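The structure appears below as structure tokens.
The values are calculated or read from the model by the stated rules, or taken from the named source; none is laboratory data. Note that the structure is a prediction, hence the values are computed from the model and not measured. Note that we place each Cβ from the backbone using ideal geometry, even for glycine, and neighbour counts take in every protein chain shown.
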Amino acid sequence: MVTELLQTDNEISARESINRAVATLQAGDVVALPTETVYGLGADALDPVAVEKIFAAKERPHFDPLIVHLPHKNAYLDIATVPDGVKHTIVQLVETFWPGPLTILLPKKGIVPDLVTAGLPTVAVRMSEHPVFKRIAKSFGNPIAAPSANRFGCLSPTSAEAVLDQLEGKIPLIINGGACSRGLESTIVRVSPPENGPKPVIEIIRPGPITEDDLKKFGKVVFAERNTAVEENSPEAPGQLQSHYAPRTMLRLLEKPEDFSPEPGKKYGLLSYRGQEKDGYIQLHEWDEIRVLSPGSGRVAEAGIRFFSTIREMDDLFLDEIIAEPMPDRGVGKAMLDKLRKASS
Ligand code: AMP
Ligand code: MG
């Protein structure tokens, strides 16, 4: 299969590319699309034959459910139900964070194929704020199932080139919408009615760009240890999902500089948070390569945007191992630490 890469850098090319993307979706095929988080591999969420092509192209196991992207804010009501006791909170979250990188788990309606949710009774929904994605979703009309456009277990792509690298020959079309402005996958939450206090419980299933701080005025925020919904669904899931987000090169989060014991002759690269000696990593070793996520005083949001693209760049440097410095465990720092721990395991 030839993979076509279409541009959206001016209004004429954008219009043509958007039309092609919509026609591809209508034909029941897959297309890689830009979102503000990472590039997604989209298909008509209501057509199981089209959705199956996502699993095939990504070599994604069927126990791993897909996120569904909506054409407009209220479209979640077409594919999901909202339990009593959380209606108010769901409306608040939708009104506050959509379009944007917040994915909400809700009980699914029958029109959503089981393939999309891996047989789970819930469906994961969000609305992207990427201008090209929004136009495609609106013009297509049906919800679009779109997991990250990488091969299963590999790095999430934050540019059209990164998608091409991983999926060339496996999908017919990639729409180039530039570099992703957030650079990390959406935050996934589940909302439950109040337990003891007056506040509903907002459980963060996957940390991402919408942080604990952003969410806490809408409920009591708790972090799920793991995605138990998916794991309980499939005994094979935990091990596989742990090794998510891995580059080809070995990658290890070095929680404390003291724990580093380099092997002679090996080439090590340092993925530094802010490139400061006082953090204890820069001068630890004669690194073959150093890349810095947020030079200077260090900002987690900036580091988040550059996270996957920087790891991808380091993956091409023929290193034996990439050693990652921890970043602050706050804001989107939590999401990066989560991914680094998974890649290290
Ligand atoms: P992505 O590959 O970024 O599209 O993310 C898909 C992830 O969303 C899955 O690996 C799950 O962790 C999560 N997810 C999607 N749908 C559900 C669901 N119905 N229940 C629980 N988690 C879900
Ligand atoms: Mg993914």
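Observations
- Matching residues in region 1-38 - criterion: being farther than 13 Å from Gly178 by Cα and touching a helix residue (DSSP H, G or I) at 6+ places or on another chain (Cβ under 6 Å): Ile18, Ala21, Val22, Leu25, Gly28, Val30, Val31
- Residue in region 330-341 that is over 17 Å from Arg248 (Cβ atoms), hydrophobic (A, V, I, L, M, F, W, C) and without any contact (Cβ under 8 Å) to a residue 60 or more places away in the chain present: no
- Options Val68, Val31, Val38: the member that is more than 12 Å from ligand 1 (Cβ to nearest atom), crowded, with 24+ Cβ neighbours inside 10 Å and closer than 26 Å to Ser139 by Cβ: Val31
- Boolean, Leu167 is farther than 24 Å from Leu293 by Cα, out of contact with any strand residue (DSSP E or B) (no Cβ under 6 Å at 6 or more places or on another chain), within 16 Å of ligand 2 (Cβ to nearest atom) and in contact (Cβ under 8 Å) with a residue 24 or more places away in the chain: yes
Residues checked against (1) over 24 Å from Asp47 (Cα atoms); (2) within 14 Å of ligand 2 (Cβ to nearest atom); (3) among the aromatic types (Phe, Trp, Tyr); (4) modelled with pLDDT of 95 or more:
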{"site": "Val112", "(1), (2), (3), (4)": "no, no, no, yes"}
{"site": "Ala118", "(1), (2), (3), (4)": "no, yes, no, yes"}
{"site": "His130", "(1), (2), (3), (4)": "no, no, no, yes"}
{"site": "Ile136", "(1), (2), (3), (4)": "no, no, no, yes"}
{"site": "Ile144", "(1), (2), (3), (4)": "no, no, no, yes"}
{"site": "Ser148", "(1), (2), (3), (4)": "no, yes, no, yes"}
{"site": "Glu161", "(1), (2), (3), (4)": "yes, no, no, yes"}
{"site": "Ile171", "(1), (2), (3), (4)": "no, no, no, yes"}
{"site": "Asn176", "(1), (2), (3), (4)": "yes, no, no, yes"}
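- Hits in region 77-103 (condition: more than 30 Å from Ile305 (Cα to Cα), of a type in the set (S, T, N, Q) and either in contact with a Phe, Trp or Tyr (Cβ under 9 Å, 6 or more places away or on another chain) or at pLDDT below 95 (or both)): none
- Looking across region 171-213, the residues that are under 18 Å from Pro99 (Cα atoms), in contact with a Leu (Cβ under 9 Å, 6 or more places away or on another chain) and of a type in the set (A, V, I, L, M, F, W, C) come down to Ile188, Val189, Ile210.
- Failed item in (1) farther than 18 Å from Val132 by Cα; (2) assigned to a helix (DSSP H, G or I); (3) within 17 Å of the chain's Cα centre (by Cα), with Val189 passing the rest: (2)
Okay, residues lined up against (1) farther than 26 Å from Arg206 by Cα; (2) modelled with pLDDT of 95 or more; (3) surrounded by fewer than 21 Cβ atoms within 10 Å (Cβ to Cβ):
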| position | (1), (2), (3) |
| --- | --- |
| Tyr273 | no, yes, no |
| His285 | yes, yes, yes |
| Ile290 | yes, yes, yes |
| Pro295 | yes, yes, yes |
| Arg341 | no, no, yes |
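- Failed item in (1) modelled with pLDDT of 95 or more; (2) over 18 Å from Ala145 (Cα atoms); (3) not basic (Lys, Arg), with Pro34 passing the rest: (2)
- Residue in region 213-248 that is farthest from ligand 2 (Cβ to nearest atom), counting only those that are within 19 Å of the chain's Cα centre (by Cα), among the hydrophobic types (A, V, I, L, M, F, W, C) and modelled with pLDDT of 90 or more: Leu215
- Residue in region 29-38 that is within 20 Å of Leu70 (Cα to Cα), of a type in the set (A, V, I, L, M, F, W, C), touching a Phe, Trp or Tyr at 6+ places or on another chain (Cβ under 6 Å) and within 15 Å of ligand 2 (Cβ to nearest atom) present: yes
- Verdict on Pro101 being more than 20 Å from Asp44 (Cβ to Cβ) and either out of contact with any His (no Cβ under 9 Å at 6 or more places or on another chain) or away from ligand 1 (no atom under 15 Å from the Cβ) (or both): yes
- Residue within region 7-14 that is over 30 Å from Glu195 (Cα atoms), surrounded by 13 or more Cβ atoms within 10 Å (Cβ to Cβ), modelled with pLDDT of 95 or more and of a type in the set (Asp, Glu) present: no
- Among the residues of region 126-153, those that are under 20 Å from Ile79 (Cα atoms) and either touching a Cys at 6+ places or on another chain (Cβ under 9 Å) or near ligand 1 (Cβ under 9 Å from one of its atoms) (or both) comprise Ala145, Ala146, Pro147.
- Among (1) within 22 Å of Asn233 (Cβ to Cβ); (2) within 10 Å of ligand 1 (Cβ to nearest atom) - the single one Asp114 does not satisfy: (2)
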